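Taking it in order: structure first as structure tokens, then the write-up.
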Amino acid sequence: MSNAASFGIHDLSFATTEYVLSHAALAEYNGTEIGKYHIGIGQRSMSVCAADEDIVTLGAAAAAPIIARHGSERIRTVVFATESSIDQAKSAGIYVHSLLGLQSACRVVELKQACYGATAALQFAIGLVRRDPDQQVLVIASDVSKYELDSPGEATQGAAAVAMLVSADPALVCIENASGLFTADVMDFWRPNYRTTALVDGQESVEAYLQAVAGSWKDYGEQGGRTLDEFAAFCYHQPFTKMAYKAHRHLLDHAGHSADQADIEHAIGQTVAYNTSIGNSYTASVYLALAALLDQADDLTDRPIGFLSYGSGSVAEFFAGTAVPGYREHLRTAANLAAIARRKPVDHARYRELHEWSFPADGGDHPTPQQTTGPFRLAGVSGHKRIYQAR
Ligand code: HMG
């Protein structure tokens, strides 16, 4: 057993969809002034799944490069965090485990608490690798955000998966022990089991998020956390990128810090590049913010990064990580940019067709049209079973 002193994110990789809808196309269709999307909510486009993509194919595509780089011998746990579950009983992680050829000596579970799930997965994973630093945990955050067509939430849809290898002596980011927690029973956003699209009280959800920022920051201080001015940057959950700016201003006001717009831009600006183009990827979003920050920032070695993870309903956690010396050699910047650039634009009519796509629930054979050019696809359902393939 090694004498590891630090634990955290050893590798991070993400995948997104085959298609993309621009907010310009959405605005042209629904008559919205484009400034509301580009400036008001800070979104340029949203990732749209092909008919043969889902949280499993995205999750497997995100994780495959990690397995290719590190092998899978030390992975004895896979935690799949999602709120877009495809089965009420079976973990989506088991399909990924199979597609990636992971060893049978492995525990696989699915975890849910809206957009907060992946942070719970990360913290639980750190507990496991602390117990046995020779083991690694594969955390997969994968979500498809869907609201009703023509609803206010529609402009904040998106889809992506982030995979993280959690280990002792990590190569990217050490996660610190101090952690601020906040839970409140609120109905700001939810999705009953019989619905494919989320229900949301938009303004209430923004308020609930801001309350959770203050609540988790308060607890973080009480747990011996760092002071605000120690942080080099802040990765917030980004349902739309403007929310990160609202949240950071709220945190600064709450903590009695005066800050101008340039200070806020300095703290947030390099975290939004991927989310502004992908849209809300729910539980993956805060880790896409981290990917964008690490890919774009000047050297962050040994600099603390603040994380605010929020999941409606609601649970929030504020915690800190520090970039590890040499982390830049392990980044996947080119692949990250390529994942965004490879998406094919769809027009509004095609987007609506994809939005409405669903399988009949009659137990028959229903192959999907071949659409994705990603490494894995959902080939269809047959006898109520989902059939996945490596392409
Ligand atoms: P809306 O009613 O369409 O928009 O809802 P609005 O009228 O509030 O306008 C949005 C902003 O655009 C405003 O700025 C306007 O002033 C501005 P703000 O006052 O907020 O600073 N605006 C313009 N700016 C420039 N030029 C213009 C222009 N016109 C207007 N021409 C809302 C927006 C986000 C509420 C809606 O999209 C929605 O309901 N989204 C879904 C819910 C959501 O994302 N909530 C965020 C917090 S909850 C969360 O993060 C959890 C979540 O990820 C789920 C989970 O945890 O699983 C959602």
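The values are calculated or read from the model by the stated rules, or taken from the named source; none is laboratory data. Here the structure is a predicted model, which means the values were calculated and not measured. Here the Cβ is made from the backbone with ideal geometry for all residues, glycine too, and neighbour counts use every protein chain on show. Ligands, DNA and RNA are excluded from the accessible area calculation, which covers all protein heavy atoms including side chains. Shrake-Rupley method; radii C 1.70, N 1.55, O 1.52, S 1.80 Å.
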Mind checking whether some residue in the range 144-166 is outside any strand (DSSP E or B), within 16 Å of the ligand (Cβ to nearest atom) and β-branched (V, I, T)? yes
For D302, all conditions in the list (1) closer than 22 Å to A323 by Cβ; (2) surrounded by fewer than 22 Cβ atoms within 10 Å (Cβ to Cβ); (3) in contact with a helix residue (DSSP H, G or I) (Cβ under 8 Å, 6 or more places away or on another chain) hold save one; what is the number of the exception? (3)
Is it the case that S85 is in contact with a Gly (Cβ under 6 Å, 6 or more places away or on another chain) and within 13 Å of the ligand (Cβ to nearest atom)? no
Got at least one residue in the range 204-220 being of a type outside the set (G, A, S), near the ligand (Cβ under 10 Å from one of its atoms), farther than 28 Å from A273 by Cβ and open to solvent by 70 Å² or more (accessible area, probe 1.4 Å)? yes
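The rows are residues; the columns are (1) within 30 Å of R74 (Cα to Cα); (2) touching a helix residue (DSSP H, G or I) at 6+ places or on another chain (Cβ under 7 Å).
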{"residue": "L149", "(1), (2)": "no, yes"}
{"residue": "P152", "(1), (2)": "no, yes"}
{"residue": "A159", "(1), (2)": "yes, yes"}
{"residue": "M164", "(1), (2)": "yes, yes"}
{"residue": "A168", "(1), (2)": "yes, yes"}
{"residue": "I175", "(1), (2)": "yes, yes"}
{"residue": "W190", "(1), (2)": "no, no"}
{"residue": "G224", "(1), (2)": "no, no"}
Take the conditions crowded, with 18+ Cβ neighbours inside 10 Å, in a helix (DSSP H, G or I) and free of Cβ contacts under 8 Å to residues at least 60 places away in the same chain and apply them to Q238. Does it pass? no
So which residues in the range 264-279 are among the small types (G, A, S) and open to solvent by 30 Å² or more (accessible area, probe 1.4 Å), if there are any at all? A273
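From the list P65, P133, P152, which one is within 22 Å of L331 (Cα to Cα) and not basic (K, R)?
Details: P133 fails: within 22 Å of L331 (Cα to Cα); P152 fails: within 22 Å of L331 (Cα to Cα).
Going through P65, P133, P152 in turn, the sole match is P65.
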Determine whether S285 is open to solvent by less than 70 Å² (accessible area, probe 1.4 Å), touching a residue at least 24 places away in the same chain (Cβ under 8 Å) and outside any helix (DSSP H, G or I). no
Return the pairs, sorted by first residue and then second, in which the second residue is of a type in the set (S, T, N, Q) and not in a strand (DSSP E or B), the first residue lies in the range 316-345 and is closer than 29 Å to R44 by Cα, the beta carbons are less than 6 Å apart, and the residues are 6+ apart or on different chains. A316/S216; E317/T119; E317/S216; F318/S216; I340/S277
Considering the range 1-24 alone, what residues qualify as being closer than 17 Å to S151 by Cα and either part of a strand (DSSP E or B) or of a type in the set (D, E, K, R) (or both)? L21, S22
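Output the number of residues of the range 357-391 satisfying the condition of being under 25 Å from the mean Cα position of the chain (by Cα) and in contact (Cβ under 8 Å) with a residue 12 or more places away in the chain.
Start the filter on the range 357-391 by keeping residues that are under 25 Å from the mean Cα position of the chain (by Cα), which leaves 357-358, 371-379, 386-391.
After this cut, where a residue has to be in contact (Cβ under 8 Å) with a residue 12 or more places away in the chain as well, the list is 357-358, 371-379, 386, 388-391.
Residues in the range 357-391 being under 25 Å from the mean Cα position of the chain (by Cα) and in contact (Cβ under 8 Å) with a residue 12 or more places away in the chain: 16 in total.
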Where Q261 falls short, out of the listed (1) within 16 Å of the ligand (Cβ to nearest atom); (2) open to solvent by 60 Å² or more (accessible area, probe 1.4 Å); (3) at pLDDT 95 or above; (4) not charged (D, E, K, R): (3)
For G180, all conditions in the list (1) touching a strand residue (DSSP E or B) at 6+ places or on another chain (Cβ under 7 Å); (2) surrounded by fewer than 20 Cβ atoms within 10 Å (Cβ to Cβ) hold save one; what is the number of the exception? (2)
Would you confirm whether any residue within the range 330-352 is assigned to a strand (DSSP E or B), at pLDDT 95 or above and within 14 Å of Y236 (Cα to Cα)? no
